[in-house]
Amino acid sequence: MFTIQVKGLNQLIKKNKLMIQMLERGDPAEELVKRIVRSAKHFAPRRSGALVKSIKYERISKTKFKIFVTATNEKGEPYPMYLEIGTRYIKVGTAANPRVYKSSSGKQAQLPYIGSAIHRSTTKKDINAVVKRLLSIYN
């Protein structure tokens, strides 16, 4: 007859439960989405501030989020999509190489503002930071 003794199993189970809870709450993923929203707000064009205030996100499921912008002009017409995708009058760059200019408030603005925020916030460095946070549970 032989005996197997496992040391630290209860600790490992607790850590796994903590990691599962974090994933269910979406902490690492939500942190990345929050970074994207902060970046989009920082680089969005400003005239009245309505565009910046209307950039928000919502959780759709445990692993899915939706970023949306609801600003409207004086006539009640939505305009954020024109600043994101451009028109023949509004020139935008690409997510990797956005059009950069001084906004009417004097701050640096970028078009597209959401696409470039996603591009900036999903660099290897940022994804590694989220993974590192997850792995820190096991240390």
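The values are calculated or read from the model by the stated rules, or taken from the named source; none is laboratory data. All values derive from a computational prediction rather than experimental measurement. All Cβ positions, glycine included, derive from the backbone under ideal geometry; neighbour counts span all protein chains shown.
General remarks:
- One residue stands out among those in the stretch 50-67 that are surrounded by 12 or more Cβ atoms within 10 Å (Cβ to Cβ) and either β-branched (V, I, T) or within 16 Å of L111 (Cα to Cα) (or both): the one that is modelled with the lowest pLDDT, which is I67.
- Residues within the stretch 68-85 that are surrounded by fewer than 17 Cβ atoms within 10 Å (Cβ to Cβ) and either in a strand (DSSP E or B) or among the aromatic types (F, W, Y) (or both), tallied: 5
- Residues (of a type in the set (V, I, T) and over 18 Å from R38 (Cα atoms)) located in the stretch 60-113: I60, T63, T72, I85, T87, I90, V92, T94
- Pairs linking a residue in the stretch 114-125 that is within 17 Å of S54 (Cα to Cα) to a residue that is buried (at least 18 other Cβ atoms within 10 Å of the Cβ) and not hydrophobic (A, V, I, L, M, F, W, C), with Cβ atoms under 6 Å and 6 or more positions apart or on different chains, are I114/E84; A117/S39.
- Taken over the stretch 91-113, residues that are in a loop (DSSP other than H, G, I, E, B), under 16 Å from L51 (Cα atoms) and not hydroxyl-bearing (S, T, Y) amount to 3.
- Exactly one residue out of E30, E58 is in a strand (DSSP E or B) and of a type in the set (D, E): that is E58.
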